[in-house]
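**Q** Quick one: structure below, then a few questions.
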Amino acid sequence: MDPSTDTASADAVAQRLLGAVLGHVDLMSTFLGDRLGWYRSLADDGPATPPQLAERTGTDARYAREWLEQQAVTGLLHLDSDGAADERVFSIPPATAEVLTDQHSLNYLAPISRLFGAVGPALPRLLEAYRTGDGVSWDELGDDAREGQADANRPWFEHRLADALAGVEDVHGLLARPGVRVLDVGFGGGWSSIALARAYPAATVDGIDIDEPSVSMATENARAAGVADRVRFSHGDAADLPADRYDAAFAFECVHDMPRPVEVLTAVRKSLRPGAPLIVMDEAVADSFAADGDEVERLMYGYSVFICLPDGRSSQPSVATGTVMRPSRLHEYAEAAGFGEFEVLPITDFSFFRFYRLR
Ligand SMILES: C[S@@+](CC[C@H](N)C(=O)[O-])C[C@H]1O[C@@H](n2cnc3c(N)ncnc32)[C@H](O)[C@@H]1O
């Protein structure tokens, strides 16, 4: 039996949880190194002693020393030369630099430490919500969650979305038409809209998101990416979308967060031309619950327990979906929203996601 699931002895359970404690410490220490600019400084400006790193980043030398030693002990940083505590020189190996500082890499994981880091300050509210059935909103989790989410999906949209869509012939053909109008629901950091605009130069993309700070973040991202003339982001509940004539709509990793997804899906359907598709990207979880779920299930339940289910319950009434939205659940929502066709698209190897087409 896999030792991580062996619950036959107290020793095995204790070992397993001790491993989890070490993982937690790694994640929280990467949160510090990411947010304080320590990894970035080591990657961009080279190896440093604790006082040098503190000086470069405007941080405290004693804390920098403790963190550098912890990072070397845990194996994420390298001790280049030993000596007195403040004279030790530490460097960042290329692999660590890629995973923790390269925001274009598919291996970029610093954003996940931000997502779970955002949970820390919310724990008292989460405890209260777990007692009362109340929620903790995306807005309450703040910029760490907002930016962590945006940056976690960004490389996938940048590097893989165009190819993934190009592999679905009719969707690709539709998006490549001159003057095509696309809707992006729940755009977050806007990287999906930016990727769509880049892949399809004749397209205009309208995004709508209920989280106001996301609108500013995405607008700035689109401006910096040079696509602001074809990508417009607005603030609002997608359930209130006016009837329109979009040629295609997308909902990237957001349907499971919505308290009332059927209202949103209905509004999106009405905003589409007859027969036009809504592509939903959501978690590639198993078809049904099983207690011996794989690592994707474990991770998605982790997001659900701390982030998505409380967010989805922060506005009432709520269907309380949670991150682990099974395909059958989305199918029910799609039918209730009046979509007649529901299929899984042949897009694989796209992070933790599955793509659905609703028509
Ligand atoms: C998990 S984030 C995903 C963001 C982005 N699509 C991505 O893939 O990174 C979910 C987003 O959906 C937005 N959202 C949730 N409910 C919404 C609604 N009813 N209307 C519009 N946006 C909504 C949230 O504000 C948030 O930005």
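**Q** Looking at the structure I just gave you, is M281 near the ligand (Cβ under 9 Å from one of its atoms) and assigned by TED's automatic domain parsing to the domain that holds A150?
**A** On the way: near the ligand (Cβ under 9 Å from one of its atoms): yes; assigned by TED's automatic domain parsing to the domain that holds A150: yes.
Judged against the criteria, M281 is a match.
**Q** Also, I was wondering about something else. Given the conditions (1) over 16 Å from the mean Cα position of the chain (by Cα); (2) in a strand (DSSP E or B); (3) closer than 16 Å to R154 by Cα, which single one is not true for A251?
**A** So A251 meets the others, but not (1).
**Q** Here is a follow-up. Would you check which residues across the stretch 150-174 are of a type outside the set (A, V, I, L, M, F, W, C) and near the ligand (Cβ under 10 Å from one of its atoms) and list them?
**A** Filtering the stretch 150-174 down to residues of a type outside the set (A, V, I, L, M, F, W, C) leaves 151, 153-155, 158-160, 163, 167, 169-170, 172-173.
Within the stretch 150-174, D151, N153, R154 meet the criteria.
**Q** Which residue out of S328, S288, S318 is assigned to a loop (DSSP other than H, G, I, E, B), more than 17 Å from the chain's Cα centre (by Cα) and away from the ligand (no atom under 12 Å from the Cβ)?
**A** Details: S328 fails: assigned to a loop (DSSP other than H, G, I, E, B); S318 fails: away from the ligand (no atom under 12 Å from the Cβ).
Testing whether each residue is assigned to a loop (DSSP other than H, G, I, E, B), more than 17 Å from the chain's Cα centre (by Cα) and away from the ligand (no atom under 12 Å from the Cβ) leaves just S288.
**Q** Which residues, taken from the stretch 214-230, are among the aliphatic types (A, V, I, L, M) and away from the ligand (no atom under 16 Å from the Cβ)? Show your work before the answer.
**A** Here is the first cut: in the stretch 214-230, the residues among the aliphatic types (A, V, I, L, M) are 215, 217-218, 222, 224-225, 227-228.
Selection gives A224, V227, A228.
**Q** Taking E147, is it within 22 Å of H24 (Cα to Cα) and within 13 Å of the ligand (Cβ to nearest atom)?
**A** Answer is yes for this residue.
**Q** Within the stretch 182-204, take every residue that is hydrophobic (A, V, I, L, M, F, W, C) and farther than 23 Å from E263 by Cα and give me the one that is surrounded by the fewest Cβ atoms within 10 Å (Cβ to Cβ).
**A** Per the criteria, the residue is A202.
**Q** Is the stretch 35-53 home to any residue that is in a strand (DSSP E or B) and either surrounded by 15 or more Cβ atoms within 10 Å (Cβ to Cβ) or small (G, A, S) (or both)?
**A** Yes - at least one qualifying residue is present in the stretch 35-53.
**Q** So D143 clears everything in (1) touching a Pro at 6+ places or on another chain (Cβ under 8 Å); (2) surrounded by 13 or more Cβ atoms within 10 Å (Cβ to Cβ) except one condition, right? Which one?
**A** Checking D143 against (1) touching a Pro at 6+ places or on another chain (Cβ under 8 Å); (2) surrounded by 13 or more Cβ atoms within 10 Å (Cβ to Cβ), the one that fails is (2).
**Q** With the condition kept exactly as written, say whether any residue in the stretch 205-220 is over 18 Å from S137 (Cβ atoms), in contact with a helix residue (DSSP H, G or I) (Cβ under 8 Å, 6 or more places away or on another chain) and surrounded by fewer than 21 Cβ atoms within 10 Å (Cβ to Cβ). Talk me through it step by step, then tell me what you get.
**A** Quick first cut of the stretch 205-220, residues over 18 Å from S137 (Cβ atoms) only: 205-207, 218-220.
Remaining after also requiring in contact with a helix residue (DSSP H, G or I) (Cβ under 8 Å, 6 or more places away or on another chain): 205, 207, 218.
Narrowing the set further to residues that are surrounded by fewer than 21 Cβ atoms within 10 Å (Cβ to Cβ) leaves none.
There is no residue in the stretch 205-220 that is over 18 Å from S137 (Cβ atoms), in contact with a helix residue (DSSP H, G or I) (Cβ under 8 Å, 6 or more places away or on another chain) and surrounded by fewer than 21 Cβ atoms within 10 Å (Cβ to Cβ).
**Q** Within the set of pairs 6 or more residues apart or between chains, which connect a residue that is more than 22 Å from Q316 (Cβ to Cβ) inside the stretch 256-282 to a residue that is of a type in the set (V, I, T) and outside any strand (DSSP E or B) with Cβ atoms less than 6 Å apart?
**A** L278/V268; V280/V255; D282/V255
**Q** Name every residue in the stretch 264-284 that is surrounded by 17 or more Cβ atoms within 10 Å (Cβ to Cβ) and either in contact with a Pro (Cβ under 8 Å, 6 or more places away or on another chain) or not hydrophobic (A, V, I, L, M, F, W, C) (or both), in order of residue number.
**A** T266, R269, S271, P277, D282, E283
**Q** Please state which one of R65, R35 is closer than 27 Å to A118 by Cα, touching a Pro at 6+ places or on another chain (Cβ under 7 Å) and not small (G, A, S). Spell out how you get there, then give the answer.
**A** Details: R35 fails: touching a Pro at 6+ places or on another chain (Cβ under 7 Å).
Exactly one of R65, R35 is closer than 27 Å to A118 by Cα, touching a Pro at 6+ places or on another chain (Cβ under 7 Å) and not small (G, A, S), namely R65.
**Q** Check the stretch 296-313 and report whether any residue there is assigned to a loop (DSSP other than H, G, I, E, B), within 14 Å of the ligand (Cβ to nearest atom) and either among the hydroxyl-bearing types (S, T, Y) or crowded, with 18+ Cβ neighbours inside 10 Å (or both). Before the answer, list the steps.
**A** Initial filter on the stretch 296-313 (assigned to a loop (DSSP other than H, G, I, E, B)): 313.
With the extra rule that they be within 14 Å of the ligand (Cβ to nearest atom), the set shrinks to 313.
Of the ones still in play, those that are also either among the hydroxyl-bearing types (S, T, Y) or crowded, with 18+ Cβ neighbours inside 10 Å (or both) are 313.
Yes, the stretch 296-313 contains at least one residue that is assigned to a loop (DSSP other than H, G, I, E, B), within 14 Å of the ligand (Cβ to nearest atom) and either among the hydroxyl-bearing types (S, T, Y) or crowded, with 18+ Cβ neighbours inside 10 Å (or both).
**Q** For A224, indicate whether it is aliphatic (A, V, I, L, M), part of a helix (DSSP H, G or I) and surrounded by 22 or more Cβ atoms within 10 Å (Cβ to Cβ).
**A** When the stated conditions are applied, A224 does not pass them.
The values are calculated or read from the model by the stated rules, or taken from the named source; none is laboratory data. Given the structure is predicted, the values throughout are model-derived calculations rather than measurements. Here Cβ is always computed from backbone atoms with ideal geometry, including for glycine, and neighbour counts include all displayed protein chains.
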